[in-house]
There are 2 protein chains.
Amino acid sequence: MYNPDIESASISEKRELQLIGLKKTVENVYENVGFYKQKFDELQIKPKDIRSLEDIKKLPFTKKKDFRDQYPYGLFAIPVDDVARIHGSSGTSGKPTIVGYSERDLKNWGILVARAIVAAGGRKSDVFHNAYGYGLFTGGLGLHQGADELGVATIPISGGNTERQITVINDLKPRGICGTPSYVLSIIEKMEELGMDPRDTNLDYGIFGAEAWSEEIRLKLENKLGIKAVDIYGLSEIMGPGVASECHEAQDGLHIADDHFFVEVINPDTLEPVADGELGELVFTSLQKEALPVIRYRTGDIASITHEKCKCGRTTTRMSRVKGRTDDMIIVRGVNVFPSEIERELLQIEGLSPVYQIQLIRKGVMDAIELHIEIEISLYEQVGCDLLHESIMNMKRKIQHKLKNSCLISVDVVCNAPKALPRSEGKATRVVDKRNSSPVSV
Amino acid sequence: MYNPDIESASISEKRELQLIGLKKTVENVYENVGFYKQKFDELQIKPKDIRSLEDIKKLPFTKKKDFRDQYPYGLFAIPVDDVARIHGSSGTSGKPTIVGYSERDLKNWGILVARAIVAAGGRKSDVFHNAYGYGLFTGGLGLHQGADELGVATIPISGGNTERQITVINDLKPRGICGTPSYVLSIIEKMEELGMDPRDTNLDYGIFGAEAWSEEIRLKLENKLGIKAVDIYGLSEIMGPGVASECHEAQDGLHIADDHFFVEVINPDTLEPVADGELGELVFTSLQKEALPVIRYRTGDIASITHEKCKCGRTTTRMSRVKGRTDDMIIVRGVNVFPSEIERELLQIEGLSPVYQIQLIRKGVMDAIELHIEIEISLYEQVGCDLLHESIMNMKRKIQHKLKNSCLISVDVVCNAPKALPRSEGKATRVVDKRNSSPVSV
């Protein structure tokens, strides 16, 4: 562990720390952020009303929309003069969502990502290949700062230029790699295309995130590269990557850095808490941030949490993989389904590439799902490049059957030749809405 | 000044420091880098033979080719386990040139770039827009680390997505900007296209480099944006940006960080030193680097130096702008010319956009230069979009005349409509060699 004292602290110690952080944060936002002052006043709450962790329920939620409304600096708790870094993510309004960090915030971010790299199996002596995109996006520089904090030899290669990524992996022999799962799969695919065996690299572990992925993708990444693959979670409104991350020992849920972030899971409709193990929307309150403290931020990410101790010895609250987002849940003819559920079923089928696309289309007056899959080159050759071959037709029927059974949805399956679907160099686009004048949900 | 003690140290103090650094570096490479051990042995030099700064002349040169031959880690003086960062630049052989940094090297790099930002007029309280590309290239992360060291609010926007750059400049109100001159000119052009006045931003100063540029481009940048524009110099083999940089007080040559890098200027043919003020090839020896110390690295960059004190109070050796590279000097029919000389003449002509391209073509058996220029929209409208208009023909004749007089070359001038030439999002491509089977020089 990078910070064994805190990562394996007793629950009571942790809760004490959390309460101190919560009180300080509440005072800070009340004093320094007009937006929160007004919200608190409307609810007739004063900082002194927060006496226990349970009192957090009295506090107002913060939403993505609040970041938009307060754009660019309205939620900052320190003067811009004292800000040390600005990041952003693309927003739906065309303007990026802007977030800021003090010097101490940056230091803490580095420490939390260093914890994540160590949890993944990383060591100070490693060469570390960072294929996340660098820029306003928190992925690249977030992992970069953790790597700097730990003291590994970081290769800040960023995303794109896949052949060069392969040259660097072969020649500089990194032991660790990080990036989006879909982009690292593209690298693997390119290696195979070039006649290389991806297991021949020096890679031992990989840290993947910034998009929802599944156990099946994990198996692909682990088997193809011969590595341990772990999940990292974060979002810029809270900090960036490092809010939570898996340990390589158990790979059993992501350890939330709960000395920095207090987590709740709520029912997104009733806003009431759900029980441990039950899916709901993740809500975070920052406990140590200076530049941009956030109170009960509704992430839109669907997951569950557990307070059971992990076999790795860490005592943190753990969260499940993110199963989807409240706003990317597909609702077709009254049935809710997350792309990740479709992915899980798909990737169990032999002969399929891990690249797929879910297209929402309109069929007459009805909405429908067209699932675009892609077969692997070996199967393609086996069927004589005939996508209407009997075994392809059988595969398509099998997929329809599985999805009907497990997700309760009917889909049309369109089978594509190898490499026919677009590849990502960053976050993969899994859902494409092709309904022209689509209502919000159907 | 960021480090006033050292930046304004007396010459004798500086030379004392330099000698200590030189001796340490020579011992370090002799002990830890097989390549240098062998070179020293061939020349029958021992570290103890270096007793004064003048003794540097006994040492062997290092060339770009040596980096290629020792790829990837052969020139490193510390084990890869202790390396904290790897950067690279694209090499001609297809493999990148790989360079490495220890933790202390990274700290020093940050300090030198912080000096450069302060010399440009930057302050800790600034918002700072970094439009250099982030990645293996040292430009983006080099400026980033200096900005972090100084404590400004860095916007790590990287290159590309010009409209978003403009949104960020308008909304986040940076006081400082950095990037390649050609890319920032593209941003300005886009602003004008969108009907904005580039002088309306909050920008006060800009730091530009990573490609050769001229006084005329400086005037464009300064007038269009209403800023002070300064030049920054560096190359990854030595460290990255921050090896030298201009002060905003004098804008009269770049202050070399000569407590870290010992500079020589040589005649690239005879390898003999040239006098102060005379153009020659820059040669640097690192004095404090741990991971990748370099002895007498021949940069290929053509400039002159002066030891006169600058009016800003800094006592460092100063270098002129880089006038070109030993290997991009164009030799046509026996005449040597640098693209920067052509640029200087071009940009004095009213009605021309700052985007141009020098194409080397073959005319029968002879090599020739085709100079592609682009006119500004106002002139284009004035001549009724007629590129054969009398005033365009006059302009072309004027350019030919000027270049014949000042550079002794004959060129064909091809005039293009506004925005017809390709824009850069990083380093501009000024010279395109279209000769099919070209000899090395003609």
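The values are calculated or read from the model by the stated rules, or taken from the named source; none is laboratory data. Treat the numbers as computed from the prediction; the structure is a model and nothing was measured. Reconstructed Cβ throughout: ideal geometry from the backbone, glycine too, with neighbour counts over all protein chains shown. For the accessible areas, the whole protein counts, side chains as well, though only heavy atoms, and no ligand, DNA or RNA atoms are used. Shrake-Rupley method; radii C 1.70, N 1.55, O 1.52, S 1.80 Å.
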What is the magnitude of the charge dipole of region B:129-272 about its Cα centre, with +1 placed on the Cβ of each Lys and Arg, -1 on the Cβ of each Asp and Glu, and no other charges, expressed in debye to the nearest 20?
680
Show which lysines lie in cross-link reach of A:K434 when reach means a straight Cα distance below 21 angstrom and same-chain residues fewer than eight apart are skipped.
A:K363
Per-residue [θ]222 nm for chain B (sum of -39500 (n - 2.57) over DSSP H runs n ≥ 4, rounded to 500)
-9500 deg cm²/dmol
If amide H atoms are modeled at 1.01 Å from N in the peptide plane, then the residues at a separation of 5 or more from A:C247, or on another chain, having amide H under 5 Å from its own are A:D252, A:H255
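About the Cα centre of chain B, what is the dipole size in debye to 20, counting +1 per Lys and Arg Cβ and -1 per Asp and Glu Cβ, all else neutral?
620
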GNM result for chain B, Cα springs below 10 Å: residue of B:R333, B:R175, B:R314 fluctuating most strongly:
B:R333
Using a cut-off of 17 Å between alpha-carbon atoms, which lysines can reach A:K404, once sequence neighbours fewer than 8 places away in the same chain are excluded?
A:K396
Would you kindly work out, in nm and rounded to one decimal, the distances from the label point of B:K363 to those of the same position in each other copy, ordered shortest first, with label points 7 Å along Cα-to-Cβ?
6.7
Once ligands and nucleic acids are excluded and a 1.4 Å probe is used, how much of B:K58 is accessible, expressed in Å² to the nearest 10?
90
Give the lysines reachable from A:K39 as a straight Cα distance under 23 Å; neighbours fewer than 8 places away on the same chain don't count.
A:K23, A:K24, A:K48, A:K57, A:K58, A:K63, A:K64, A:K65, A:K289
Give a residue-ordered list of calculated ³J(HN,Hα) values for region B:297-307 (Karplus: 6.51 cos²θ - 1.76 cosθ + 1.60, θ = phi - 60°; whole Hz; x for Gly, Pro).
6, 7, 6, x, 8, 9, 7, 10, 10, 9, 9
When chain A is treated as a Gaussian network with springs between alpha carbons less than 10 Å apart, the largest mean-square fluctuation among A:M196, A:M239, A:M319 is found at A:M196
Below 8 Å, C-alpha to C-alpha, sequence gap of six or more: please give me the relative contact order for region A:282-350 in percent.
21
Please say if region A:311-377 is rounded, prolate or oblate, where rounded means a/c under 1.5 for a ≥ b ≥ c the square roots of the C-alpha gyration tensor eigenvalues, and otherwise the choice is prolate for a/b larger than b/c and oblate otherwise?
oblate
In percent, how large is the relative contact order of chain B, given Cα pairs closer than 8 Å and 6 or more residues apart?
14
Does region A:99-201 come out rounded, prolate or oblate by the C-alpha gyration tensor, with a ≥ b ≥ c the root eigenvalues, rounded set by a/c under 1.5 and, if not, prolate when a/b is larger than b/c and oblate if not?
prolate
Equivalent ellipsoid dimensions for the protein assembly as shown as semi-axes, Å, which come from the Cα gyration tensor, largest first
49, 34, 30
Cα centroid separation - region A:1-58 against region B:371-416, whole Å:
68
On average over all directions, what projected area in square nanometres does chain B have, based on the convex hull of its Cα atoms?
21.8
If amide hydrogens are placed 1.01 Å from N in the peptide plane, which non-local residues have theirs closer than 5 Å to the one on A:A9?
A:T315
So for the protein assembly as shown: antiparallel DSSP bridges make up what percent, rounded to the nearest 5?
60
In whole percents, the bins of 10 Å from zero upward hold the Cα-Cα pairs of region B:330-433 as 14, 49, 31, 6, 0
HN-Hα J couplings of region B:195-205 from phi, Karplus 6.51/-1.76/1.60, θ = phi - 60°, integer Hz, Gly and Pro as x?
x, 9, 9, x, 6, 7, 6, 8, 5, 10, 8
Ranked highest first by average number of other Cβ atoms within 10 Å, how do A:139-147, B:267-275, B:379-387, A:156-164 line up?
A:139-147, A:156-164, B:379-387, B:267-275
Out of B:E222, B:E237, B:E42, any idea which swings most in a Gaussian network model of chain B, alpha carbons joined below 10 Å?
B:E42
About its Cα centre, the protein assembly as shown carries a charge dipole, from +1 on Lys and Arg Cβ atoms and -1 on Asp and Glu Cβ atoms, whose size in debye to the nearest 20 is 260
For B:V432, the residues 5 or more places away or on another chain with a placed amide H closer than 5 Å to its own amide H are B:I358, B:Q359, B:L360
Over what distance in Å are the Cα centres of region B:197-211 and region B:276-352 separated?
23
Karplus 3J(HN,Hα) series, Hz, for region B:66-73 with 6.51 cos²θ - 1.76 cosθ + 1.60 (x for Gly, Pro):
5, 4, 5, 5, 9, 4, x, 10
Write down the percent of antiparallel bridges among all DSSP beta bridges whose residues are both part of region B:330-433, to the nearest 5.
55
Bridge type composition, chain A - antiparallel percent by DSSP, nearest 5
65
Number of partner chain Cβ atoms within 10 Å, mean per residue of B:151-161:
6
